[in-house]
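Visitor: Below are the structure tokens for one structure; questions will follow.
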Amino acid sequence: MTAETAPSKPVLLTGASGALGRVLTRALGDQGWTLRLTDRVPFPDPLPEGARFQVADLEDGPAILRLAEGCGTILHFGGISVEHPFETVIGPNIRGLYHVYEAARREAARMVFASSNHTIGFHERSAVLDDDCRHAPDGFYGLSKAYGELMGGLYRDKHGVESVFLRIGSCFPEPTDARMLATWLSYADMTRLVMRATLAPSLGAAGTVVIWGASNNSRMTWWRRDGRAVIGWAPQDSADAHAAALEGKTSGNAIVERYQGGGFTGIDYSRGKTPTR
Ligand code: NAI
Ligand code: 15L
């Protein structure tokens, strides 16, 4: 990984104890970034030099405001990260998100929001989507991420808060099924994406950009135009080497295989199964 400049102000990372939070903590710590880390569960790894960790719940607004004091960027990776019932999602991902945006407003900090492909999961796999496509959330989790992008628009228009919305595909150590031959984002590409989202001097006149978070996978034909040129990011890795091993690894469920969101679309899916008027 090439050396990048560290931001002049500390960076707050929510969800630090989660899978991507731990990857980012290690990588950004190695780059000499000053990190303020938080999660509702303890941080499981040794802390990099210059990093501080504090347990906090995203639903505790005053704690989030205190944590963000003096920070120039907030990497918002905390919250419910897979499909769950509405009542489970709403606290961390809606109320918590509001607290993080209020902190960004108070600090005039840039927000880098870990959004998701599940904001558009009910688009069919044959569709080619640009960054301004219709939201088509595939569950309460995807709905909360779409709401997050909308909230970012509100905070831009009303308060001038900048946001980079990372519509992450599938960010794991390696792809594990046929869908991920399209949606996979390597940890290294994700890290470089977060670095560019933080370090880009400007987000242009729009003040918000959407980035499709997938590596350079030849099967990624679903997602096209986005704001990557604005921040200067291009993916370098690819899922292609896994194609032979994974192309037959599908769910066998017609709904899941039809839509971009995959497995989440099939959860509690009842269309056509209930009487219609
Ligand atoms: P994860 O579930 O491993 O990490 C999320 C972290 O948020 C956890 O450590 C959890 O303790 C924390 N958290 C949950 N509720 C909280 C609360 N109320 N207060 C404080 N902390 C709370 O998820 P992962 O995979 O690391 O994802 C990170 C972010 O990226 C999430 O926002 C997820 O939605 C998003 N994302 C991840 C993708 C992936 O493929 N890993 C794909 C698309 C989006
Ligand atoms: C996500 O948004 C989830 O956070 C992650 O766990 C995966 O399910 C990913 O999407 C995906 O669509 O593969």
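Visitor: What FRET efficiency would be calculated for the residue pair residue 88, residue 54, taking the C-beta separation as r and a Förster radius of 22 Å, to the nearest 0.05? All intermediate terms of the calculation are to be shown ahead of the outcome.
Guide: Details: r = 24 Å, r/R0 = 1.07.
Result of the calculation: an efficiency of 0.40.
Visitor: So what is the 222 nm mean residue ellipticity for the chain from helices alone, if each DSSP H run of at least 4 adds -39500 (n - 2.57) and you divide by all residues, rounding to the nearest 500 deg cm²/dmol? Could the numbers behind the result be given before it?
Guide: Working: 11 runs with 91 residues, N = 277.
So the calculated ellipticity at 222 nm is -9000 deg cm²/dmol.
Visitor: With Kirkwood's inverse mean 1/r over C-alpha pairs for Rh, give me the Rg to Rh ratio of the range 43-181, two decimals please. Numbers along the way, then the final one.
Guide: On the way: Rg = 16.0 Å, Rh = 16.2 Å.
With Rg and the Kirkwood Rh in hand, the quotient comes to 0.99.
Visitor: Let me ask something additional. Given a 1.4 Å probe and the protein chains all in place, what does the accessible area of residue 123 round to, in Å² to the nearest 10?
Guide: About 30 Å², rounded to the nearest 10.
Visitor: May I have the count of lysine pairs in the chain with C-alpha atoms under 30 Å apart, counting pairs 8 or more residues apart or located on different chains? Don't jump to the answer; show the numbers that get you there.
Guide: Working: 9/145; 9/158; 145/158; 145/249; 145/273; 249/273.
Pairs that pass both the separation and distance tests number 6.
Visitor: Which length gain, in nm to one decimal place, applies between residue 243 and residue 106 when the Cα-Cα distance is subtracted from 0.36 nm times their residue separation? Walk me through the numbers on the way to the answer.
Guide: Details: separation 137, 0.36 × 137 = 49.32 nm, distance 4.66 nm.
The span from residue 243 to residue 106 would gain 44.7 nm if fully extended.
Visitor: If you take every DSSP beta bridge whose two residues both sit in the range 11-266, what share of them, in percent to the nearest 5, is antiparallel?
Guide: Numbers: 1 of 33 bridges.
In the range 11-266, DSSP labels about 5 percent of beta bridges as antiparallel.
Visitor: At what distance in nm do the modelled label points of residue 133 and residue 26 sit from each other, each positioned 7 Å from its Cα along Cα→Cβ?
Guide: A separation of 3.2 nm, rounded to one decimal place.
Visitor: Let me ask something else. Given 72, 190, 38, which one lies farthest toward the positive end of the charge dipole of the chain, if we put +1 on the Cβ of every Lys and Arg and -1 on the Cβ of every Asp and Glu?
Guide: Of the listed residues, the answer is 72.
Visitor: A follow-up question, please. In the range 11-266, if every C-alpha pair distance is counted and binned at 5 Å from zero, what percent goes to each bin?
Guide: Once binned at 5 Å, the Cα pair distances of the range 11-266 give 1, 6, 14, 18, 20, 18, 12, 7, 3, 1, 0.
Visitor: Multiply the residue separation of residue 268 and residue 154 by 0.36 nm, subtract the distance between their alpha-carbon atoms, and state the gained length in nm to one decimal. Write out the running numbers ahead of the final one.
Guide: On the way: separation 114, 0.36 × 114 = 41.04 nm, distance 3.11 nm.
Working it through step by step, the gained length comes to 37.9 nm.
Visitor: Hey, in the GNM for the chain with a 10 angstrom Cα cutoff, which one of 174, 162, 149 fluctuates hardest?
Guide: Fluctuation is largest for 174.
Visitor: Efficiency by 1/(1 + (r/R0)^6): what FRET value for residue 253 and residue 206, r their Cβ-Cβ distance, R0 = 25 Å, to the nearest 0.05?
Guide: Details: r = 38 Å, r/R0 = 1.52.
After rounding to 0.05, the efficiency reads 0.05.
Visitor: If you take the beta carbon distance between residue 225 and residue 199 as r and set R0 to 22 Å, what does 1/(1 + (r/R0)^6) give as a FRET efficiency, to the nearest 0.05?
Guide: Working: r = 22 Å, r/R0 = 1.02.
The value I calculate is 0.50.
The values are calculated or read from the model by the stated rules, or taken from the named source; none is laboratory data. This one's a predicted model, so the numbers in the text were calculated from it and none came from an experiment. Cβ coordinates were reconstructed from backbone atoms using ideal geometry, including for glycine residues, and neighbour counts include every protein chain displayed. Accessible surface areas use protein heavy atoms only, side chains included; no ligands, DNA or RNA. Shrake-Rupley method; radii C 1.70, N 1.55, O 1.52, S 1.80 Å.
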